[in-house]
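To start, the structure itself, in structure tokens.
The values are calculated or read from the model by the stated rules, or taken from the named source; none is laboratory data. Bear in mind that the values here come from a model prediction, so they are computed numbers and not experimental data. Here Cβ is always computed from backbone atoms with ideal geometry, including for glycine, and neighbour counts include all displayed protein chains. Protein only, heavy atoms only, side chains kept; ligands, DNA and RNA dropped before computing areas. Shrake-Rupley method; radii C 1.70, N 1.55, O 1.52, S 1.80 Å.
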Amino acid sequence: MAFHEKNLIVLPPVEIAGRHVKRYHVPALGSAGIEPEVEKAAYAVLPELFPEPDDTPPASFVVLHRGGDTGAYLNVYSWTWDNVLHFAGAAAGQPALDCPDLDPAHFVRSDPSVRNWIGCVWELGPLGHERDAWVRHMLAPDTPDLPGYLGDALTTGTTGPGASA
């Protein structure tokens, strides 16, 4: 099977457990979006995937990816220690990743001592943009601009080349 980019859907930021969260969704090929029950379940586990708070403004971005089978994947990237990106992940419906069942809304935290993966090719698109946006709005100015960072996201498009800022 030949490789195809997937759709990337950008949603407005939300606040969860005191953190501002930018949201990127990667639906299964041929799907219009992530099922509401999968999204709700994914965002319910976010607080356990955030790092301990420090003096860094509480900002994260997530990539929620629905596979073509029963799998759903939640990648959580959080800014910490001023300029460091913390990663934590969860998966649902994927027995190969130690999920207990095929339910795409039953998320379990990924064990980094077993798998320290940070994302697949469809999930990595936002990383470069988010790094540049953090520098542009939070590190380069004399005064950090969290609202500017939160408003600076990729636009809905595809997961690869051609995705626009």
Result for the chain: accessible area per residue, probe 1.4 angstrom, in square angstrom, of 51 Å²
In Å, the Kirkwood hydrodynamic radius of the range 57-118 over pairs of distinct alpha carbons?
12.2 Å
Give me the angle, in degrees from 0 to 90, between the Cα long axis of helix 125-134 and the longest principal axis of the Cα atoms of the chain, rounded to the nearest 10.
20 degrees
Computed Kirkwood radius, in angstrom, where 1/r is averaged over Cα pairs of the range 10-165
15.9 Å
Which value at 222 nm does the chain reach when only helices count, each DSSP H run of 4 or more adding -39,500 (n - 2.57), with the total divided by all residues and rounded to the nearest 500 deg cm²/dmol?
-5500 deg cm²/dmol
Any idea what angle helix 36-49 forms with the longest principal axis of the chain, computed on alpha-carbon atoms, 0 to 90 degrees, nearest 10?
50 degrees
How would F3, F87, F61, F107 rank on accessible area, largest to smallest, probe 1.4 Å?
F3, F87, F107, F61
Hey, got the dipole for the range 15-165? About the Cα centre, +1 on K and R Cβ, -1 on D and E Cβ, debye to the nearest 20?
300 debye
Accessible area (Å², 1.4 Å probe, nearest 10) - H25
10 Å²
Which percent of the accessible area of the chain is formed by carbon and sulfur heavy atoms (probe 1.4 angstrom)?
58 percent
